[in-house]
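To keep things clear, I will list the structure first and then write my remarks on it.
The values are calculated or read from the model by the stated rules, or taken from the named source; none is laboratory data. Everything numeric here is computed off the predicted structure, so don't read it as measured data. Note that we place each Cβ from the backbone using ideal geometry, even for glycine, and neighbour counts take in every protein chain shown.
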Amino acid sequence: MTTNDNKLVTTRRNVLFGVGAAGSALATGLTTARAAEKQGGQVTDAPVSDKTQERQSFYGLHQAGIVTPRPAAGMIASFHVLAETPADVERLFRTLSGRIAFLMQGGTPPELDDKLPPADSGLLGPVVPPDNLTITVSLGSSFFDDRDWLAPHKPARLSRMKASRNDALDADLCHGDLALQISSNTPDTNIHALRDVLKNLPDLMVLRWKQEGSVPVLPPKPDGAHESARNFLGFRDGSANPDANNAALMDKIVWVPENGTEPEWTRGGSYQAVRIIRNFVERWDRTPLGEQERIIGRKKATGAPHGGGNTEHDVPDYSQDPEGTVTPLDAHIRLANFRTKDSEANLILRRPFNYSNGVSKSGQLEQGLLFICYQADLEKGFITVQRQLDGEPLEEYIKPIGGGFFFTPPGPQDESDFVGRTLLEAAGHDVVRKS
Amino acid sequence: MKLKLVLSVSLLTLAAAALPRMANAEVAPLDLVQPIADYKIYVSENLETLVTDTKAFTDAVKAGDVDKAKSLFGSTRMSYEAIEPIAELFSDLDGSIDSRADDHEKAEKDPEFTGFHRIEYGLFTENSTKDLGPFADKLMADVTELNKRITDLTLPPEKVVGGAAALMEEVAATKISGEEDRYSHTDLWDFKANFDGSRKIFDLVRPLVEKEDSAFVTKVSGNFDTVDTTLAKYKTADGYELYDKLTEDDRAVLAAAVNTLAEDLSTLRGKLGLN
């Protein structure tokens, strides 16, 4: 049947367009349709990507997935950890690191006897592509609090997320002992990774909640310029993010420093704040454009601040606007970042995704922002920024419903190392480096 | 005395805020002064009723009269729901008077969960007034405080006019599902009050819009009528049927009317030249 169908298609194409190159020179408006036909594409053919071999390194002073440019698909999965003893926690960290190393590298899972369940879900095929995957491991406050031998080593600023005034937190979407941030080029790669982790650690951790997200993909710009992705409110999100390529800046804003007030084992790690923020998009779409732009503090089309500038990279000068006549004093971007010398201490590195989950009981879209940010000091970072935002006019259109605070340990140095080793050593647990 | 003062302040606010960005040259800012003043009276009347009704309701709770308290719950809320866009200007009070269990991480057990729905939970789910005394006192105090604050408030014109749509957004986002009064299922009382409150605003500014866009006025009125006709089917001697009596078809009719009203009324501010 398939062969016959192909012949039919070929014949029709030959009649319509002539054969081969001559045909492809015709009717440029039909390029896309014809390209599919030319390759003999079938409805259920897998979409093609030339990015499946993109690969990030698991090893380094810092974990991957923090200053790594955000790919199109992301997920946070939060777990309850059952490992209690140092030995079990070590097994958890080692196994997790081993799986992450394999998944980020890509490769062929072992072939088992077909009387046994397969080693891999197989959803990406017999050879697992890296597809730009990163998996970032972070630990919640309860991970330390619930283990006497770890409690003294808890990062100094790690706390359990408290509800802000506009929050309507759902206990089933909050907190966790351990969180994985999984991001890659496709949702399927993230799901594959999550299923691999679940299958390999069934006795040591149990999944509590997860939230997947994505960001809209843009075509490359001819001049190579970068633009911030848009959130589900239609505004650019991330315009004022600090430059992740600036290592000195990241040392200041993102990474726990040496000789600070934090336990030594945390050096090179970072605090992760996660928030699931529902957006009332129907209502937002029924809000006058001028009001939307006043609430956010930017022009919707370009992302430029009010009062001059053509791009999102232009910087508003609040010192010339003390009354808020240009950018309202309660505009989101103004409350989030005062742009003073002092407020530099409150900078955070955002890495959010948009999420869309289905339909609420009221028949409205359940969608919003899977907000993720990293900072060297959770209190000066997210907690302070959120406090500044409390009461902002945007609250009428958003409702945080979940999330949590976590600490992201430093990265594994090499193949003999694993995430969490420095913590175990600090707790007096003898760790043998083996390759 | 007070009304006069409010009027003159409103006038100034209007003249300053609305004039430069008029989208509709036919509606002069001064035209809005009377509707806003009339709305302020509507709000005051509702607040007066709210205080009186809340007193009777909380007295019944404190007297341990479960049946009486239950019977007063639906009607007591109506004057609050009718003026919700104004009541919500004070988010601290709105939270303590009208928040729902799912606004709080520990749901019904959360100490921050107070107000109408906390008492509703005790009355209808636990069928008791046990431990409700402090919640009743707090509700009465909050409602009294709300009345005081709003009496002293100059109503911002854009909030008043925007309130017509805001009420529809409330129904569309969180009420049409029957989640609001989940223990008592008196949601249809709330619907009625929300629609009446929205229609009141629309009716007050209607003459200003009618000249320019009579088709719009006809369409909006038609949708309000659809809602009234649908809700009327569920009218009882002393109020409304419980939410679970609402048929799937009627629920869809209401949802569509709410969404259409929300879409149309979201243009009302712009039509009146308000930011």
Yes/no for A:ILE333 being under 26 Å from B:LEU89 (Cβ atoms), touching a His at 6+ places or on another chain (Cβ under 6 Å) and surrounded by 17 or more Cβ atoms within 10 Å (Cβ to Cβ): no
Specify which of the listed residues (A:SER159, A:SER121) is in a loop (DSSP other than H, G, I, E, B), at pLDDT 95 or above, surrounded by fewer than 20 Cβ atoms within 10 Å (Cβ to Cβ) and touching a Lys or Arg at 6+ places or on another chain (Cβ under 6 Å). A:SER121
Expected output for segment B:177-195 (first residue farther than 11 Å from B:MET78 by Cβ and within 11 Å of chain A (Cβ to nearest Cβ), partner surrounded by fewer than 20 Cβ atoms within 10 Å (Cβ to Cβ) and of a type in the set (Ser, Thr, Tyr), Cβ below 7 Å, 6+ apart or cross-chain) is B:SER177/A:SER362; B:GLU180/B:THR174
Of the numbered conditions (1) surrounded by 13 or more Cβ atoms within 10 Å (Cβ to Cβ); (2) more than 10 Å from chain A (Cβ to nearest Cβ); (3) at pLDDT 95 or above, B:ALA232 fails exactly one; give the number of that condition. (1)
How many residues are among the acidic types (Asp, Glu) and either within 18 Å of A:GLU227 (Cα to Cα) or part of a loop (DSSP other than H, G, I, E, B) (or both) if we restrict to segment A:292-344? 6
Which residue pairs have Cβ atoms closer than 9 Å, lie 6 or more positions apart in sequence or on different chains, and pair a first residue in segment A:339-361 that is within 14 Å of chain B (Cβ to nearest Cβ) with a second residue that is part of a loop (DSSP other than H, G, I, E, B) and of a type in the set (Gly, Ala, Ser)? A:SER360/B:SER177; A:LYS361/B:SER177; A:LYS361/B:GLY178
Kindly establish whether A:LEU370 is crowded, with 22+ Cβ neighbours inside 10 Å and either in contact with a Pro (Cβ under 7 Å, 6 or more places away or on another chain) or among the β-branched types (Val, Ile, Thr) (or both). yes
Residue count, segment A:63-102 (criterion: of a type in the set (S, T, N, Q) and assigned to a helix (DSSP H, G or I)): 2
Does B:PHE124 satisfy the condition of being touching a residue at least 12 places away in the same chain (Cβ under 8 Å) and within 12 Å of another protein chain (Cβ to nearest Cβ)? no
Can you tell me how many residues within segment A:382-435 are in contact with a His (Cβ under 9 Å, 6 or more places away or on another chain) and more than 30 Å from A:GLU344 (Cα to Cα)? 2
Within segment B:236-246, the residues that are in contact with a helix residue (DSSP H, G or I) (Cβ under 9 Å, 6 or more places away or on another chain) and either in a loop (DSSP other than H, G, I, E, B) or surrounded by fewer than 18 Cβ atoms within 10 Å (Cβ to Cβ) (or both) are B:ASP238, B:GLY239, B:GLU241, B:LEU242, B:LYS245, B:LEU246
Kindly indicate which of B:ARG251, B:ARG269 is surrounded by fewer than 20 Cβ atoms within 10 Å (Cβ to Cβ) and within 30 Å of A:PRO288 (Cβ to Cβ). B:ARG251
How many residues, within segment A:253-271, are modelled with pLDDT of 95 or more and loosely packed, with under 15 Cβ neighbours inside 10 Å? 1
Go through the residues of segment A:49-58 one by one and say whether even a single one is of a type in the set (Phe, Trp, Tyr), touching a helix residue (DSSP H, G or I) at 6+ places or on another chain (Cβ under 8 Å), at pLDDT 95 or above and surrounded by 12 or more Cβ atoms within 10 Å (Cβ to Cβ). yes
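Of all residues in segment B:258-275, count the ones that are more than 10 Å from chain A (Cβ to nearest Cβ), more than 17 Å from the chain's Cα centre (by Cα) and not in a loop (DSSP other than H, G, I, E, B).
Kept after step one, since they are more than 10 Å from chain A (Cβ to nearest Cβ), are these residues of segment B:258-275: B:260-261, B:268, B:271-273.
Now restrict to residues that are more than 17 Å from the chain's Cα centre (by Cα): B:260, B:268, B:271-273.
Among the residues that remain, those that are also not in a loop (DSSP other than H, G, I, E, B) are: B:260, B:268, B:271.
Of the residues in segment B:258-275, 3 are more than 10 Å from chain A (Cβ to nearest Cβ), more than 17 Å from the chain's Cα centre (by Cα) and not in a loop (DSSP other than H, G, I, E, B).
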Hey, any hits in segment B:206-223 for a residue that's over 23 Å from B:ILE41 (Cβ atoms), assigned to a helix (DSSP H, G or I), within 21 Å of the chain's Cα centre (by Cα) and not basic (Lys, Arg)? yes
